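J.: Here you go, one structure.
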Amino acid sequence: MDKLQLEALFRQHYSKMYAMARTILYDEQDSKDAVSDVFEHLLSAEDSHLPAAFEPYLLISVRNSCLKKIHQKEARQRREKLYQEGISLANNTLEADEKRLQTVLKFAHQQLSSQELTIFKMRFMGEMTYPEIAEELGISRVAVWKHLAHLTSLLKEFIKTAKI
């Protein structure tokens, strides 16, 4: 189909196609886009051989274009909703984690000896290794291990009983 024939079809059927799109989409710009998509497809198609009954073919094409737009819009809305829920969940999780961390730190300050608290901070907040802690504090690695074993058991028991 050449451009002149396509232009004639456009002029002849555009108003009906647009009216159908408007009844489906309820949006002026989306309706114009749906009709334009049909003609764009016809213009770019390698084999643009239309059936003898142009009007039903064009109206069905517009309907399909509208349904595709509705599907795309719904998918976009679902993605946006999931994204917002994900952000909300992440924020809630971060807030809950921060609250749990503060509770554990408060317990550590109240229940651990000063040396255990220092080792706790170096290991879990400073991410230092046993040898690094031992060297920094001037104690053996075994002493570091014993302090960490004791404070870990205290923290585990606290977390289990406090249900953090």
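J.: Percent relative contact order of segment 69-164, based on C-alpha pairs within less than 8 angstrom and at least six residues apart?
T.: On the way: 31 pairs, mean separation 21.5, N = 96.
Once normalised by length, the contact order is 22 percent.
J.: Need one value: the accessible area of Arg76 in square angstrom, 1.4 angstrom probe, rounded to the nearest 10.
T.: About 110 Å², ignoring ligands and nucleic acids.
J.: Output wanted: per-residue J couplings in Hz (rounded whole) for segment 151-164, from phi through Karplus 6.51 cos²θ - 1.76 cosθ + 1.60, θ = phi - 60°, x for Gly and Pro.
T.: Coupling constants for segment 151-164: 5, 5, 5, 4, 5, 4, 5, 4, 5, 5, 6, 7, 6, 7 Hz.
J.: Shifting gears a bit: Debye calculation, C-alpha points only, no solvent: report log10 I(q)/I(0) for segment 35-164 at q = 0.09, 0.15, 0.23 Å⁻¹, in the same order as the q values.
T.: Log10 of I(q)/I(0), two decimals: -0.54, -0.86, -1.27.
J.: Using a 1.4 angstrom probe, figure out how much accessible area segment 1-143 has per residue, in square angstrom, rounded to the nearest whole. Please report the intermediate quantities before stating the final value.
T.: Details: 10250 Å² over 143 residues.
Here the per-residue accessible area is 72 Å².
J.: A follow-up question, please. Taking segment 6-119, how many lysine pairs are there with alpha carbons less than 22 Å apart, if each pair must be eight or more places apart or span two chains?
T.: Number of lysine pairs found: 9.
J.: I've got another one for you. If I take every Cα pair under 8 Å that is 6 or more residues apart in the chain, average their sequence separation and divide by the length, what percent do I get for the relative contact order? Walk me through the numbers on the way to the answer.
T.: Details: 82 pairs, mean separation 26.4, N = 164.
Relative CO of the chain lands at 16 percent.
J.: Tell me the carbon and sulfur percent of the accessible area for the chain, rounded to whole percent, probe radius 1.4 Å. Write down the numbers at each step before the final one.
T.: On the way: 6410 of 11740 Å².
Of the solvent-accessible surface of the chain, carbon and sulfur hold 55 percent.
J.: Using a cut-off of 12 Å between alpha-carbon atoms, which aspartates and glutamates can reach Lys146, once sequence neighbours fewer than 8 places away in the same chain are excluded?
T.: Within the straight-line cut-off, Lys146 pairs with Glu116.
The values are calculated or read from the model by the stated rules, or taken from the named source; none is laboratory data. The shown structure was predicted, so the numbers you read here are calculated from the model rather than taken from an experiment. For accessibility, only protein heavy atoms count, side chains too; no ligands or nucleic acids. Shrake-Rupley method; radii C 1.70, N 1.55, O 1.52, S 1.80 Å.
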